[in-house]
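Chemist: Handing you this structure, nothing more for now.
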Amino acid sequence: MPNQTHELDRVFHALADPTRRAVVERLGQGPLSVTELAKPFGMALPSFVQHLKVLEQCGLLKTHKSGRVRMCEIAPQPMAEIEAWLGQQRALWTQRLNQFDAFVLHLHAEQEARKPDADE
């Protein structure tokens, strides 16, 4: 579990940056070269490559050379792990909120039972 937590921390850290989230979104449409990927961001290529390195280090991005061109594509496994973690959190909090709702309804029913009847 500690290793999984560390991996999730790295992925969430990578996705905390808007540029890196935008890269992931663009790559969701298919693989692109580094040059094509960098065009809309208006930053120097070395700076952009640093963002790619962060994504690659956390496992969200795979790169490979095709001739002289470096291609980038999404690696789906970290996203599946995030989805699983979020699903666990959603289930936990849904259960807790349902328990809280039941508790509040129980308290309300008790208060209603304690009220004197208007007919008496």
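Chemist: Arg70 versus (1) open to solvent by 70 Å² or more (accessible area, probe 1.4 Å); (2) out of contact with any strand residue (DSSP E or B) (no Cβ under 9 Å at 6 or more places or on another chain); (3) touching a residue at least 12 places away in the same chain (Cβ under 8 Å): which is the lone unmet condition?
Modeler: Result: Arg70 fails condition (2) only.
Chemist: If I ask for residues that are polar (S, T, N, Q) and surrounded by fewer than 11 Cβ atoms within 10 Å (Cβ to Cβ), which ones from the range 26-39 would you list? Even if it seems obvious, please write down each step before you answer.
Modeler: Of all residues in the range 26-39, those polar (S, T, N, Q) come to 29, 33, 35.
Within the range 26-39, Gln29 is the sole residue that qualifies.
Chemist: Please verify whether the range 40-56 includes one or more residues that are open to solvent by 60 Å² or more (accessible area, probe 1.4 Å), in contact (Cβ under 8 Å) with a residue 60 or more places away in the chain, over 14 Å from the mean Cα position of the chain (by Cα) and within 29 Å of Gln88 (Cβ to Cβ).
Modeler: Taking every residue of the range 40-56 in turn, none turns out to be open to solvent by 60 Å² or more (accessible area, probe 1.4 Å), in contact (Cβ under 8 Å) with a residue 60 or more places away in the chain, over 14 Å from the mean Cα position of the chain (by Cα) and within 29 Å of Gln88 (Cβ to Cβ).
The values are calculated or read from the model by the stated rules, or taken from the named source; none is laboratory data. Quick caveat: nothing in here was measured; it's all calculated off a predicted structure. All Cβ positions, glycine included, derive from the backbone under ideal geometry; neighbour counts span all protein chains shown. Calculation scope for accessible area: heavy atoms of the full protein, side chains included, ligands and nucleic acids excluded. Shrake-Rupley method; radii C 1.70, N 1.55, O 1.52, S 1.80 Å.
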